[in-house]
Amino acid sequence: MKILRKPEWLKRKLLSSSELGNVIKTLEKYGLNTVCLEAKCPNRNICYANGQATFLIMGDVCTRSCRFCAILSGAPKSLDPDEPHKIANAVRDLGLSYVVITSVTRDDLPDGGAFVFAEAVIELRNEIPGIRIEILTPDFKGNHKALDTVLKTNPDVFNHNIETVSRLYSIVRPQADYSRSLNVLKYVSRKYNSVIKSGFMVGLGETDKEIFELMRDLKASGVQVLTIGQYLQPSSNHLPVERYVTPDQFKEYENFGETNLQFIKVFAGPLVRSSFMAKDIWQKISISN
Ligand code: SF4
């Protein structure tokens, strides 16, 4: 297997900042997880310095095993009933104004853990009036009742990542389903007022023609904000990087999405991740609306 050399534009020095230390201390204090640390996100100190973090609820073990994801797969741990309250305390202590709540996929729970998302949003609103909340959820196996449980709490942004093009689903995320994920986005966009967001990675073997097709499908499913980033291989046990997309090519995706398809915002770039600069994107959208 030919290993591709990482291009210059992907090299980012991770600064050891006081914010990083402060966030890590607070997470330890409340026994919480963030996807920023679990997924080894290259942007974490920028987000922390920007008053934003992404909390991972319902443990750090997933019932699925997507071939691009650094999170552990296996038998999940039992739920911590105090987790929503602890997250609200941590967010208050960190003085965050924008928070993203995401989770591993809990196919072992009747509603996929939708009630935990709902409790987290309610606790945050009670603890920090005016906090902006984005939820990045699994597909809850397309269960509308579970989606209603979460969306009735009226999060500011509903995010569900499509991750890759339909042809690669069986290789990249074998327990997921392309049409099911589109239907989740469609259902929420037609029934609720949250801003609808989705995201995917490139560099897993897709063609640019497939990327433009995927963007059309997302637009047709009610998606308003889109993130596109470069896949990076977490370990040699994960799928190899098939190509490193150039910053110019990312610009072309952005232009196509905003000019041709009229997404409110397309945020595309080598180091873009689904929650990266989420707060800034939210502020831009709120101003333009
Ligand atoms: S469902 Fe999410 S957390 Fe689980 S393996 Fe896939 S990407 Fe990772």
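The values are calculated or read from the model by the stated rules, or taken from the named source; none is laboratory data. These figures come from a predicted structure and were not determined experimentally. Positions of Cβ are backbone-derived with ideal geometry, glycine not excepted, and every protein chain shown enters the neighbour counts. We work out accessible area using only protein heavy atoms, side chains counted, and drop any ligands, DNA or RNA first. Shrake-Rupley method; radii C 1.70, N 1.55, O 1.52, S 1.80 Å.
Given the residues Val195, Val184, Val225, Val202, which is the only one that is crowded, with 20+ Cβ neighbours inside 10 Å, among the β-branched types (Val, Ile, Thr), under 30 Å from Lys145 (Cβ atoms) and free of Cβ contacts under 8 Å to residues at least 60 places away in the same chain?
Val184
So is Ser189 within 21 Å of Val100 (Cα to Cα), part of a helix (DSSP H, G or I) and of a type in the set (Gly, Ala, Ser) or not?
Yes: the conditions hold for Ser189.
If I go through the stretch 77-124 residue by residue, how many of them are under 18 Å from Val61 (Cβ atoms) and touching a Lys or Arg at 6+ places or on another chain (Cβ under 6 Å)?
Number of matching residues: 3.
Restricting attention to the stretch 166-205, and to residues there that are under 19 Å from Val266 (Cβ atoms) and of a type in the set (Ser, Thr, Tyr), which single residue is farthest from the chain's Cα centre (by Cα)?
Ser189
Within the stretch 42-62, how many residues are of a type outside the set (A, V, I, L, M), crowded, with 22+ Cβ neighbours inside 10 Å and within 16 Å of the ligand (Cβ to nearest atom)?
3
Residue check, Lys77 against (1) within 16 Å of the ligand (Cβ to nearest atom); (2) among the charged types (D, E, K, R); (3) touching a helix residue (DSSP H, G or I) at 6+ places or on another chain (Cβ under 6 Å), all met but one. Which one?
That leaves (3) as the condition not met.
Tell me yes or no: at least one residue of the stretch 129-149 is among the hydroxyl-bearing types (Ser, Thr, Tyr), at pLDDT 95 or above and within 16 Å of the ligand (Cβ to nearest atom).
yes
Residues being acidic (Asp, Glu) and closer than 24 Å to Leu96 by Cβ: count how many of those fall in the stretch 115-150.
4
Select from the stretch 236-282 the residues that are small (Gly, Ala, Ser) and open to solvent by 60 Å² or more (accessible area, probe 1.4 Å) and list them in ascending order. Break it down stepwise before answering.
Our first condition is that a residue be small (Gly, Ala, Ser); within the stretch 236-282, this holds for 236, 257, 268-269, 274-275, 278.
Within the stretch 236-282, Ser236 is the sole residue that qualifies.
Could you grab me the full set of residues in the stretch 129-140 that are more than 15 Å from Ser65 (Cα to Cα) and either under 17 Å from the mean Cα position of the chain (by Cα) or among the aromatic types (Phe, Trp, Tyr) (or both)?
Arg132, Ile133, Glu134, Ile135, Leu136, Thr137, Phe140
Yes or no, residue by residue, for (1) open to solvent by less than 40 Å² (accessible area, probe 1.4 Å); (2) within 22 Å of Asp177 (Cα to Cα); (3) in contact with a strand residue (DSSP E or B) (Cβ under 6 Å, 6 or more places away or on another chain):
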{"site": "Cys66", "(1), (2), (3)": "yes, yes, no"}
{"site": "Ser78", "(1), (2), (3)": "no, no, no"}
{"site": "Pro84", "(1), (2), (3)": "yes, no, no"}
{"site": "Ala90", "(1), (2), (3)": "yes, no, no"}
{"site": "Asp107", "(1), (2), (3)": "no, yes, no"}
